[in-house]
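Participant: The structure that follows is given in the form of structure tokens.
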Amino acid sequence: MDNVFAVVVAAGRSERMGQGVNKQFLPLSGLPVLARSLRIFEEAEPVRGYVVVAAEGDVERVDRLARREWGCRKLRGVVPGGGRRQDSVRNGLEALPPETEVVLVHDGARPLARVEDVLAVAREAARWGAATLAVPVKDTVKEAGSGGFVARTLPREVLWLTQTPQGFRFSLLVEAHRRAAAEKISATDDASLVEAMGHPVKLVPGSYRNIKITTPEDMVVAEALLEKGEKSNVPPAPLRMGFGYDVHRLVAGRPLILGGVEVPFERGLAGHSDADVLVHAVMDALLGAAGLGDIGRHFPDHEPRYAGISSLMLLEEVGKMLAERGYRVSNIDAVVVAQAPRLAAYIPSMEFNIARSLNIDAGRINVKATTTEGLGFTGTGEGIAAYAVAAVVSSRGRSENLLPTGALD
């Protein structure tokens, strides 16, 4: 499957939640509902990217949270929704890149969909042109007639409950929406629009766990399903630790950059890059945790393109290396050792810069500062040192080969 993209619809009004807030932001086992839904596509490797459709007043908020706190690296954009669900989907389709071949449409309020279901729908959509996740009806279904009496009993064996994601050849779904707009056809799902064209839609068996969050009771059920799954069905992800250390000499005529923050001081750190000793230690800790050597291997100090470069840019590259190999940053703890200047006022900005470069929540970063009570090269003001410990989680359960080491000044 090539060029698979997704549209995640999260523009509803959440009227049935009765809490005065958008259900997409309600916490579900520690993560917002929408964050859990987006994680599904982050983990589905064939999906190259996705667009989120949010309520007009939530566009900036969703974009900020997804990129800075939820670690959404595949996000291509957040666009405002329309008056109806199909209007919202159409807005999302228009925001997808032109190379899209297969598009998956998913409800942001279905946070329990499985990655294997996403892949199955994408595969069947590529083969048949249209596919929808669905489950067989369990209960007997009655059609209501006049006066509140049963008109007839429908044959349960041929009835299915549709879910999302639904998948389509991109050109087919775009044409279905174009025709629906021209012919004023309204539908509650995209498969219905394709069916109206006379195109068959393949049923893909899904899971009864894939519930849609609509009412407060749904949140209770989802919490219980997640708790059960985490206890019995989901093996713990392998946790790996890494340690980083770096030191730079203080010299005149250089700005002092720590954690991407320019700290007022009469001297700065010497080095080939911006000599951000804190970020260098963090990078080494992350690379060590993933078994990827050290920064000298990846960013050698004899390369002209790294002269004066911001270490935060290099940290972004390290984050991409980890993501490509299936690693997620769990947390980072770092300490800067300097007799002067005082750094407490700048630490929150340092933590924010590091988190933003790695596309993770700033709460996962902890930076401290200390002195050596006048002892050693840091105590005499000759230089500044930094130590860092990083923990990463591997979703693949395997280690990468160690790479040769070096040093970046």
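Participant: Grab the DSSP H runs of the chain that are 4 residues or longer, score each as -39,500 (n - 2.57), total them, divide by all residues and round the 222 nm result to the nearest 500 deg cm²/dmol.
Facilitator: Only helices count here, giving -9500 deg cm²/dmol.
Participant: For the residues Met283, Met313, what sequence is obtained by ranking on other C-beta atoms within 10 Å, fewest first?
Facilitator: Met313, Met283
Participant: By count of other Cβ within 10 Å, fewest leading, how are Arg305, Arg364 ordered?
Facilitator: The most exposed by this proxy come first: Arg305, Arg364.
Participant: Go ahead and run the numbers for FRET between Met241 and Ser186, Cβ-Cβ distance against an R0 of 56 Å, rounding to 0.05.
Facilitator: About 0.55, to the nearest 0.05.
Participant: List the pair-distance distribution P(r) of the stretch 305-385, using every Cα-Cα distance, as the percent of pairs falling in each 10 Å bin from 0 up to the bin containing the longest distance, rounded to whole percents.
Facilitator: 17, 38, 33, 12, 1
Participant: Starting from 0.36 nm per residue, how many nanometres of slack lie between Ala224 and Arg305 once their C-alpha separation is accounted for?
Facilitator: Full-extension gain reported as 24.0 nm.
Participant: Kindly rank 384-391, 200-207 from highest to lowest mean number of other beta carbons found within 10 Å of each residue.
Facilitator: Top of the packing list down: 384-391, 200-207.
Participant: May I ask you to derive the FRET efficiency for Thr214 and Arg73 from their Cβ-Cβ distance with R0 = 25 Å, giving the value to the nearest 0.05?
Facilitator: Once rounded, the FRET efficiency stands at 0.30.
Participant: Moving to a separate point now. Could you list Ser192, Ser273 so that the one with the fewest beta carbons within 10 Å of its beta carbon is first and the one with the most is last?
Facilitator: The most exposed by this proxy come first: Ser192, Ser273.
Participant: Over the C-alpha atoms of the stretch 239-394, what are the Rg and the largest Cα-to-Cα span, Dmax, in Å?
Facilitator: 14.6, 43
Participant: A further question on this structure: In terms of the ratio Rg/(2.2 N^0.38 Å) built on C-alpha atoms, what value belongs to the stretch 4-232?
Facilitator: 1.01
Each reported figure results from applying straightforward, stated rules to the coordinates on display, with no laboratory input. Quick caveat: nothing in here was measured; it's all calculated off a predicted structure. Methodologically, a virtual Cβ is constructed for each residue, glycine included, from the backbone with ideal geometry; neighbour enumeration extends over all protein chains shown.
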